[in-house]
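Engineer: Starting off with a structure, shown below.
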Amino acid sequence: MTRKFQVISGLVLVTHFVGLVAVSNVFSADCKVLYDNIRKERTLMKKKDMAGEGVKACPNDVAIVYEYGYTMERLRKYEDALDQYKKAVELDSSYAKAYFSVGDIQMLLKNYREAVVAYQLGLQHDSADERAKASLKDARAKYKQATGNEPPAPPPPLKKAVAAKVTPVEVAPAETKKEVKPTPAPMVHAEAPIIRLDVPFSKKSATLSQDALDVLSVVVGQAMNRPDMKNVRFEIGGHADDVGDAPQNEEVSKKRAEAVRDYLLENFGVSGDRLSVAAYGHKRPKVPNTSPENQELNRRVGFSRTD
């Protein structure tokens, strides 16, 4: 190859185009490994540090940027989370879950118009997301209640951007006026972070780890005591991996859910009638139980709204 390119990255000097491609592929592979490690990390504070280093090493990796934002959200650092979610949609204007997360944060900050726009744009790219549809409906209702005006109409879609990094354009899907399913109860401001997180557990254990305590104390307990959450009821669902028989797994999942419930009752004064317990054993895996890493993700407690 006669044409040469000179690229400096740190102390690496690449003069041949083929060399540049090879190095680029290595960097991409490194970012993928880094992202996988961030996803596997269960300790909240360590995950935050890893994701923070990740966005420095791979600033154009949308998945790592999004993961850093989600970690900030779990720590209730909503403005920081919003910044990262916005960076994610700048990197990939079709990254639907980043728009949905922007909408969730805007709801928390009571910026209902911005929430409406964010949900609309996300649904343009993932029209099947039922939670986002319910969130959009709630955002519209809250905007109208707060201002007395109708929510902003969906802006028209524009042509797909050709640049790798673009400023996101507000677009949205056409509204579906006919609903065939019951509408979920409206989502209050602090609900989204609760229903989006999992409380992790070790193998066959129902003991709350330090990471589990971080999640419950930093996010769940404080959120449940907010004035706009006082009357909201939740199911605490315990889950297990598929190691062992069904009765065994159902029992450990029940104990996990009870441990979370008891912690919230004892440490945050949450009323007992707001929390119900369900044991699912290994019947509802989050991911297929095909590897030790996946089994770890399935050993969890999650929250769902019941009122």
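Where a number appears in this text, it was derived from the coordinates with a stated rule and is not lab data. Since the structure is predicted, the reported quantities are computational estimates derived from the model, not experimental observations. Reconstructed Cβ throughout: ideal geometry from the backbone, glycine too, with neighbour counts over all protein chains shown.
Engineer: Given the pairs K46/K137; K48/K204; K86/K110; K47/K286, which span a C-alpha to C-alpha distance of over 28 angstrom in this model? Intermediate values should be presented prior to the final figure.
Structural biologist: Details: K46/K137 36 Å; K48/K204 26 Å; K86/K110 17 Å; K47/K286 20 Å.
Listed pairs above 28 Å: K46/K137.
Engineer: Same structure, new question: With Cβ to Cβ distances under 12 Å as the rule, what net charge do the other residues near S291 carry (K, R +1; D, E -1)? Can you show the working numbers first?
Structural biologist: Working: positive: K40; negative: D36, D241, D242, E293, E296.
Here the count lands on -4.
Engineer: If you take every residue apart from S205 with its C-beta less than 14 Å away from the C-beta of S205, what net charge results, scoring Lys and Arg +1 and Asp and Glu -1? Show your work: numbers first, answer last.
Structural biologist: Working: positive: R42, K203, K204, K254, K255, R256, R299, R300; negative: D211, D241, E251, E258, E296.
Local net charge: +3.
Engineer: Separate question: Add +1 for every Lys or Arg and -1 for every Asp or Glu among the other residues with Cβ under 11 Å from the Cβ of A96, and state the total. If you can, show how the numbers build up before the last one.
Structural biologist: Details: positive: K97; negative: D92, D126, D129.
My count for the surroundings of A96 gives -2.
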